[in-house]
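> Just dropping this structure here.
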Amino acid sequence: MTVSSATSTGTTTSTVPSTTTTGTTTAGASTNPAGIDWNALIESEVEAKLAPATTIETSITNNQAKISAYQQMQTLLSSLASDALPFSNSNTTSLSDSAFSARTAAITASGDISPDAVLGMTVDNGAPTGSYTLTVQQVAQEQKVAGTVVSDESDPLGYTGAFSIGLDGGTSANINVTSSMSLQDVVSAINAQENTTNVQASVVQISGSQYELVLSANQDNANIVTTSTSGDDILTNLGVTDGSGNFTDQLQTAQPAIITLDGIQMTRNSNDISDVLSDTTFHLYQPTPDGTSLNIDISPDTSQMTTALQTFVTDYNAFRDFVTSQQQLNSDGTVSSSSVLFGDSTMTDIMNQLQSAMNTTVGGLSLNDLGLSFTDTNDLQLDTTTLDTSLTDNLQGVEALLATQVSSSSGDLSTMAPGTNAPSSFTLDLAVDGSGNLVSASVGGDSSMFTVSGNVIIGNLGTPYAGLALDYTGNTSQSITVTSTSGLASLINGIGSTASDPTTGTLQSLVSGLQTQDDTLQQQVTDIESEASTYQANLQTQYAQYQAAIQEATNTLTYLQSLMDAQSSSTS
């Protein structure tokens, strides 16, 4: 440590500055007629003043090691809580992040056809499961038209005029053409308005000296509309339209998509159809040949659940291994220097809570039914074969074991988000005005715990109902009993989130307390070092005065001795 400045972290060690003395110096130590080593005296006394700071800095270092360990716990528990979250929410809610809402689609063919050549599908979480039969009569397509051939795309066309272009029922834009503009310039002018018109132009090179203008609609089942507005009839001169304004060469007609799903025929203006089945999009590529059809099966995606549970196992074991590392002893039975949280009650309590949650049983199912078990070293392991069987044969039971289940005494109230800390049972009093609009939600007469937005009831932050979201479809005031049961994963998510929250978490409180304590201790070190520095300066002044007095006495003694020697010599 120093006596001239304070450090904010860690421990700094330096020697006390040497004091200037009179006399001769040998091997770094001051000597004088009195034989006193003034530097050694000052250093010894200053070090004695600094000794308490050394003890305090040791406490700071120990606190910093604990802070680092607590922060590592925060990271591990946050990951574990995140891993458990997808299993914490039931598919009975509208939450899209529930692992039980994951969906997959299998497409097979009846007849000689490749399913992948006809159809692709995007299936979002929460899509309704079921089996369907689909045929595609025709796919949607955009209109394309072409003009006549010109010899060079870069030569001036010599036309001056204007025309409007757009899609039928959409917004049109005027395109102005001057005599110096080439075919490529006309294309650029049309494309400059593409965001407005939804019409795209291009030059197609047929051969080395043959070029033609092609116009394409950017939307399926929409016709291109053009009108000559002034000057030369540009598009007629380019062979795109005839004298009546009709297209002369229609490369592709506009048409809608036509499909039949379970015997119901429907028409859409796009090949990406997302309004037939909820949370499901059909991507049409080509029609199904006569006599063929596609069989679609939408089912829970158990592979996503298996992958997510494997990640959960990895992170549970990471936290378990950390706890074990903090309980290590040396061979002589003493606590290892790396076990900075040995005997820490918070760490032990969190581990006990997690172990208790892992022993949860619901409906006769336990973690063993998921293929989860503990090794001899208490690490968690997953048997994917057992898990796959449970997910296939009893997905509802697995969901009940892992997720929070929320139910109500009224069919008018459904769960959108279950929350994690709400009471297991409470009565929700709902008030509706004369027009049937929901105006308030309260428990025990307290409406401050909820916010009402339309038909949605949201638990406010800072209350036990935070994270809870309910949907009320009734139109009368009533009291509804809401009950919830926490599953294994929801319990672990709650434990991990409560402990690891970076603002209000249990571990953050400990970290903040130690950081505050370190600030106080560091100030004490600073004060001690400042006092030691002042003390050193005073000693240097005081001892310099001693040295001067001794030197003066020595000089006087020498003078007297000389007088005596002279007198003795004269008398003899």
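The values are calculated or read from the model by the stated rules, or taken from the named source; none is laboratory data. Remember, predicted model here, so these are calculated numbers, not experimental data. Note: ideal-geometry Cβ built from the backbone for every residue, glycine included; neighbour counts use all protein chains shown. Surface accessibility is based on the protein's heavy atoms, side chains included, excluding ligands, DNA and RNA. Shrake-Rupley method; radii C 1.70, N 1.55, O 1.52, S 1.80 Å.
> Considering only segment 249-274, state which residues are out of contact with any Pro (no Cβ under 8 Å at 6 or more places or on another chain), touching a residue at least 24 places away in the same chain (Cβ under 8 Å) and open to solvent by 80 Å² or more (accessible area, probe 1.4 Å).
Gln250, Leu251, Asp262, Gln265
> Within segment 109-149, can you find the residues that are assigned to a loop (DSSP other than H, G, I, E, B), modelled with pLDDT of 95 or more and of a type in the set (D, E, K, R)?
If the condition is that a residue be assigned to a loop (DSSP other than H, G, I, E, B), modelled with pLDDT of 95 or more and of a type in the set (D, E, K, R), then Glu142 is the only one that fits.
> In segment 174-218, which residues are among the small types (Gly, Ala, Ser), in a strand (DSSP E or B) and modelled with pLDDT under 95?
Hit for segment 174-218 is Ser207, nothing else.
> Another question, then. Of everything in segment 275-307, what is closer than 16 Å to Phe100 by Cα, open to solvent by 30 Å² or more (accessible area, probe 1.4 Å) and either of a type in the set (D, E, K, R) or touching a residue at least 12 places away in the same chain (Cβ under 8 Å) (or both)? Give them in sequence order.
Asp279, Ser299, Pro300, Thr302, Ser303, Gln304
> What pairs come up if the first residue lies in segment 436-454 and is polar (S, T, N, Q), the second is part of a loop (DSSP other than H, G, I, E, B), and their beta carbons are under 7 Å apart, counting only those six or more places apart or on different chains?
What qualifies is Ser440/Ser447; Thr451/Asn460.
> Then there is this: Regarding Leu119, is this residue farther than 26 Å from Asn269 by Cβ, open to solvent by less than 30 Å² (accessible area, probe 1.4 Å) and either of a type in the set (Gly, Ala, Ser) or in contact (Cβ under 8 Å) with a residue 24 or more places away in the chain (or both)?
It is false that Leu119 is farther than 26 Å from Asn269 by Cβ, open to solvent by less than 30 Å² (accessible area, probe 1.4 Å) and either of a type in the set (Gly, Ala, Ser) or in contact (Cβ under 8 Å) with a residue 24 or more places away in the chain (or both).
> Something else now. Of all residues in segment 398-425, count the ones that are under 26 Å from Met358 (Cα atoms) and crowded, with 16+ Cβ neighbours inside 10 Å.
Residues flagged as under 26 Å from Met358 (Cα atoms) and crowded, with 16+ Cβ neighbours inside 10 Å within segment 398-425 amount to 15.
> Can you give me the number of residues within segment 355-378 that are in contact (Cβ under 8 Å) with a residue 40 or more places away in the chain and under 21 Å from Met305 (Cβ atoms)?
8
> Same structure again: Out of everything in segment 142-169 that is open to solvent by less than 50 Å² (accessible area, probe 1.4 Å) and among the polar types (S, T, N, Q), what residue ends up being nearest to the chain's Cα centre (by Cα)?
Gln143
> Let me ask something additional. Determine which single condition Thr463 fails, assuming it passes every other condition in (1) in a loop (DSSP other than H, G, I, E, B); (2) open to solvent by 60 Å² or more (accessible area, probe 1.4 Å); (3) among the hydroxyl-bearing types (Ser, Thr, Tyr).
Evaluating Thr463 over (1) in a loop (DSSP other than H, G, I, E, B); (2) open to solvent by 60 Å² or more (accessible area, probe 1.4 Å); (3) among the hydroxyl-bearing types (Ser, Thr, Tyr) leaves (2) as the failure.
> Quick check, is Ser484 without any contact (Cβ under 8 Å) to a residue 60 or more places away in the chain, open to solvent by 10 Å² or more (accessible area, probe 1.4 Å) and touching a strand residue (DSSP E or B) at 6+ places or on another chain (Cβ under 6 Å)?
For Ser484, the condition - without any contact (Cβ under 8 Å) to a residue 60 or more places away in the chain, open to solvent by 10 Å² or more (accessible area, probe 1.4 Å) and touching a strand residue (DSSP E or B) at 6+ places or on another chain (Cβ under 6 Å) - is not met.
Quick grid of which residues meet (1) open to solvent by less than 30 Å² (accessible area, probe 1.4 Å); (2) of a type in the set (Gly, Ala, Ser); (3) more than 31 Å from the chain's Cα centre (by Cα):
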site: Gly333; (1), (2), (3): no, yes, yes
site: Ser338; (1), (2), (3): no, yes, yes
site: Leu341; (1), (2), (3): yes, no, no
site: Ser345; (1), (2), (3): no, yes, no
site: Gly363; (1), (2), (3): no, yes, yes
site: Leu367; (1), (2), (3): yes, no, no
site: Gln381; (1), (2), (3): no, no, no
site: Asp388; (1), (2), (3): no, no, no
site: Leu391; (1), (2), (3): yes, no, no
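> On to the next question. What's the number of the condition Val452 fails, among (1) part of a strand (DSSP E or B); (2) of a type in the set (A, V, I, L, M); (3) within 30 Å of Leu80 (Cβ to Cβ); (4) open to solvent by 30 Å² or more (accessible area, probe 1.4 Å)?
(3)
> Which of the residues spanning segment 181-237 are within 42 Å of the chain's Cα centre (by Cα) and of a type in the set (Val, Ile, Thr)?
Thr196, Thr197, Val199
> Just to be sure, is Ser447 touching a Ser or Thr at 6+ places or on another chain (Cβ under 7 Å), surrounded by fewer than 17 Cβ atoms within 10 Å (Cβ to Cβ) and modelled with pLDDT under 90?
no
> Another question, if that's okay. Considering Leu41, Leu85, which residue is within 30 Å of Gln547 (Cβ to Cβ), assigned to a helix (DSSP H, G or I) and in contact (Cβ under 8 Å) with a residue 24 or more places away in the chain?
Answer to the selection: Leu41.
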